[in-house]
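Trainee: The structure under discussion is supplied below as C-alpha cells; questions concerning it will follow.
Since every read-out is calculated from the coordinates, none of them should be taken as a lab result. Model, not experiment: these values are computed from the prediction. Positions of Cβ are backbone-derived with ideal geometry, glycine not excepted, and every protein chain shown enters the neighbour counts.
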C-alpha cells in the first residue's frame, strides 16, 4: 500500500467518524454526569501504529490524554523516477486535551506528537537511471541508501468519539481522526558499492536528487491520524 492510498483511506475514515458522531449527537440527550472513575488506561491501533494510552477526565467536558505510539510501516515509493523500498518508522509520545462541547462522546482534540519519524529508503537499480541531470549505469550507482526525517515536534488537531468522557461503565470505546502537522521532510542520500560511489560527480548529482526526494515527500508533512481503541476505567 502506498502512502497516497493510506491518505485516501484515512480521509474516508475521518468522514465516517465525523458523520457518526454528528448523528449520535442529534439522537442522544446527555445524561447527568456520573463518573465513578476519572482515570483510564487503554490500548489502540491506527495510522500511528500500536498505542498505549492513559487518560484523565476531571469533568464531563474536559479530558487529558497521554500516549506512547510505535509504527513500522513498509511500502514501495517512487521518487524522481527511481523505485525505492521504503520503511516508515515512528516512535513517539503524545499529549492531548479533549473537549466535549455537547457533553456527550463527541470530542474536539488538540495536542502534539514528540519523537522520531523517519522514512528509510533503499534502491538497487537494475537499469540505467537518471540522477540529477546525468545518466548512470547500475554498476556505477551500486545501492542508494537514504533517509527522510520529519520534524520531531508535530502538532495535532482532530475530532472523534470517546465514550469514556460521558459514560460510567468500566469499558469504553474511542475512534478518532485528525492531522499531525509534521513539517517538510529533511532528506539525505548516499551511494554504496558502486564504481562511482566516491566520485564527486555522482555526489553532486545525489545532492540534486535529495532536493527531488524532499519535494516528492511533501505528502508526509500532513500525516493522517486515524485510530480506534478500548479503555478500562479505574
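Trainee: Could you sort the peptides 211-218, 180-187 by per-residue average Cβ neighbour count (10 Å cutoff), highest mean leading?
Mentor: 180-187, 211-218
Trainee: What does the C-alpha gyration tensor say about the overall shape of region 166-219? Classify as rounded when a/c is under 1.5, otherwise prolate if a/b is larger than b/c, or oblate.
Mentor: Judged from the Cα gyration tensor, region 166-219 comes out prolate (a/c at least 1.5, a/b above b/c).
Trainee: Between residue 211 and residue 116, what is the label-to-label distance in nm when each label sits 7 Å out along the Cα-to-Cβ direction?
Mentor: 2.9 nm
Trainee: Expected output is a single nm value to one decimal: the length gained when fully extending between residue 76 and residue 137, i.e. 0.36 nm times separation in residues minus the C-alpha distance. What is it?
Mentor: So the chain would gain 19.8 nm between residue 76 and residue 137.
Trainee: Could you tell me the convex hull volume per residue, in Å³, taken over the Cα atoms of region 3-233?
Mentor: Roughly 102 Å³ of hull volume per residue.
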